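Single-structure report; data block below.
All of the numbers you see were taken from the coordinates with simple rules; none came from a lab. As the structure is a computational prediction, the values presented were derived from the model and not from experiment. No Cβ is skipped: glycine too gets one built from the backbone with ideal geometry, and neighbour counts run over all protein chains shown.
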Amino acid sequence: MSSEPAVSAIEVLDSTPSTLRALLGPLPGAVASEPGPEGWSPSDVLAHLISVLQPDVERIRLIAEGDEPLVPNIDEEEALASSGLRGKPIGELLDRFERERRDAMTWVKSLAQESFARGGKHEVAGRITAADQLNHFAYHDLAHIRQIVSLLIPRLERSRGAMGESFPDSG
């Protein structure tokens with residue numbers, strides 16, 4: 001358990017929208033919506049990040065403002081399915097993510113430092129602090145940025161011609 005946000009957690013959370021816009025914004029819709037082997041496309045991953053954003057912020061709020069509250073787990077598949085975001089155009093998703101993340105981070109940055117040391121009992125993980133949740137939130141962003149990159153690599157890998165044959169493991 002940590003009582004402070006990791007040095008980079010807020011910076012990661014602040015920069016994720018621009019990182020995703022740089023990766024996904026210029027892509028044709030067909031590329032952004034092409035699913036990978038696990039069934040998710042880059043736009044599905046972005047829709048997922050939007051669908052869990054408010055529940056993630058709410059968990060931080062519960063802990064920061066409560067007295068050892070019960071912190072609910074998020075059924076991520078259900079959150080995505082009920083969000084209605086799957087299949088939306090990538091530009092629309094990027095705009096919404098930027099807006100909602102900006103609003104969330106404005107609130108997070110307004111918290112007093114001592115709020116991050118407050119704790120609660122997560123349904124699955126046990127006792128966590130608001131800082132633990134915020135740090136997990138940033139980790140979650142990076143894991144999904146990595147997932148998006150791994151979904152985009154095969155499209156280019158197949159198109160490298162002799163470069164792919166000469167440099168098969170250049171990753």
(message) Sequence gap at least 6, Cα distance under 8 Å: using those rules, report the relative contact order of region 9-153 to the nearest whole percent.
(response) 36 percent
(message) Semi-axes of the equivalent ellipsoid for the chain, please: Cα gyration tensor eigenvalues, times 5, square-rooted, ordered largest first, whole Å.
(response) 33, 17, 15
(request) Return Met105, Met1 ranked ascending by Cβ neighbour count within 10 Å, so the fewest neighbours appear first. (result) Met1, Met105
(request) Please state the charge dipole magnitude for region 9-153, taken about the Cα centre, from unit charges on C-beta atoms (+1 on K and R, -1 on D and E), reported in debye and rounded to the nearest 20. (result) 300 debye
(request) Let me know the charge dipole size of region 126-171 about its Cα centre in debye, to the nearest 20, where only the beta-carbon of Lys, Arg (+1) and Asp, Glu (-1) is charged. (result) 100 debye
(request) Treating only the Cβ atoms of Lys and Arg (+1) and Asp and Glu (-1) as charged, compute the dipole magnitude of region 47-126 about its Cα centre; round to the nearest 20 debye. (result) 280 debye
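Among the GluC sites (Glu not before Pro) within region 68-153, which fall in a DSSP loop and have no more than 12 other Cβ atoms within 10 Å of their own Cβ?
Glu123
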(request) Specify which residue in the list Pro37, Gly126, Ser15 is farthest towards the positive end of the charge dipole of region 9-153, using unit charges on the beta carbon of Lys, Arg (+1) and Asp, Glu (-1), about the Cα centre. (result) Ser15
(request) Could you work out how far the C-alpha centroid of region 7-52 sits from that of region 80-147, in angstrom? (result) 14 Å
